[in-house]
1. Just tell me how shielded B:103-116 is by partners: mean number of partner chain Cβ atoms within 10 Å of each residue's Cβ, no decimals.
2. Using a 1.4 Å probe on protein heavy atoms only, how many Å² of accessible area do B and A hide from each other, summed over both chains and rounded to 100?
3. Mind telling me which of B:T98, B:T89, B:T14 comes out most flexible in a GNM of chain B, alpha-carbon contacts under 10 Å?
4. Shape call for segment B:58-163 from the C-alpha gyration tensor, a ≥ b ≥ c root eigenvalues: rounded (a/c under 1.5), prolate (a/b greater than b/c) or oblate?
5. Would you tell me the mean number of C-beta atoms belonging to other protein chains that fall within 10 Å of each C-beta in A:14-20, as a whole number?
6. At a threshold of 8 angstrom on Cα-Cα distance, excluding pairs fewer than six apart, so keeping six or more, what relative contact order does chain B reach in percent?
7. Could you tell me whether the protein assembly as shown comes out rounded, prolate or oblate from its Cα gyration tensor? Rule is a ≥ b ≥ c as square roots of the eigenvalues, rounded for a/c under 1.5, then prolate if a/b exceeds b/c, otherwise oblate.
8. Treating only the Cβ atoms of Lys and Arg (+1) and Asp and Glu (-1) as charged, compute the dipole magnitude of segment B:1-120 about its Cα centre; round to the nearest 20 debye.
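The values are calculated or read from the model by the stated rules, or taken from the named source; none is laboratory data. Just so it is clear, the model here is predicted, and its values are computed rather than measured. We place every Cβ from the backbone using ideal geometry, glycine too, and count neighbours over all the protein chains shown. Each accessible area value is taken on the protein alone, full model and side chains, heavy atoms only, with ligands, DNA and RNA left out. Shrake-Rupley method; radii C 1.70, N 1.55, O 1.52, S 1.80 Å.
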Amino acid sequence: MKTEVFSLHKRDLIVILSILLLSVIALLVFRLTAKNGGGVTVRVDGEIVAVYSFADEGKYELNGGTNILVIEDGKAYLIDADCPDKLCVKQGRISREGQTITCLPNKLTVTVYGVKNIVEI
Amino acid sequence: MRTSKKVAFLGVFTAVALILSYIESMLPTFVPVPGIKLGLANIVALFVLYRFSYREAALISLIRIVVSSMLFGFTMFPYSLAGAVLSLTGMILLKKLTKLSIITVSVAGGVLHNLGQIAVAVLVTETVGLVGYIPVLLISGTVSGVLIGVLGGLLYSKTPEFK
């Protein structure tokens, strides 16, 4: 029996706990610093294909209809997708700067841009 | 061990890894973030890494990724490959250079796997905002890494050495 590879020492706990601690701190920093965005940019395969301001409420077909985006009450979300797992739909509503909905099968992302960045985009 | 026997063992482990990948693809996703998963196939990689050596672990992982892409589609191939390369490299180095437990090595593997996938996702979609997923993925990689490490460690300590 080789139990020595299996037993947890202090050094193991230090490594594991510091990874967790770092993640929680990063999560809190991301959460606390995020501001409400001005709208969303849609990218397919890295190319920006559409930009929607949160003021333009409505339903939009993305990427020739593979994903359906809804803008409502300063939030964006996908209500339908042609991929089997529909992870992008389950990712819910995004409204804060930098938040992203990802659909990897269609290489599509929807990212909230900041109010100040509208001109640059 | 004779070469023919070793080839047979590695063939069986590759098959087991493939089956675990398939089972995992049928499990429902609990958290709606791409990349969060158990990584069941990593039990095999971890076990082979400890029982044989890094060459065998790398070979089995590579074959598993290529074959499962051929069977189930190539969409996730770059993500799986980047994740596996980073994760295996990290686990091999930690096993060789430190006295960390198999559980910690597995945690590092899980975390690095997720970081590799995020890196590819940022490159493919050119959306830097995806780095926002990193903290969540680190936590999930740690949790699944502990689980896989315990399972892999049990398997390693309860089975006799191959002769």
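1. Mean partner shielding for this stretch: 2.
2. Details: alone 9300 and 8490 Å², together 14710 Å².
Counting both chains, the buried surface is close to 3100 Å².
3. Judging by the Gaussian network model, the answer is B:T98.
4. oblate
5. Counting other chains' Cβ atoms within 10 Å and averaging over A:14-20 gives 6.
6. This gives 26 percent for chain B.
7. Note, shape of the protein assembly as shown comes out prolate.
8. Computed charge dipole of segment B:1-120: roughly 520 debye.
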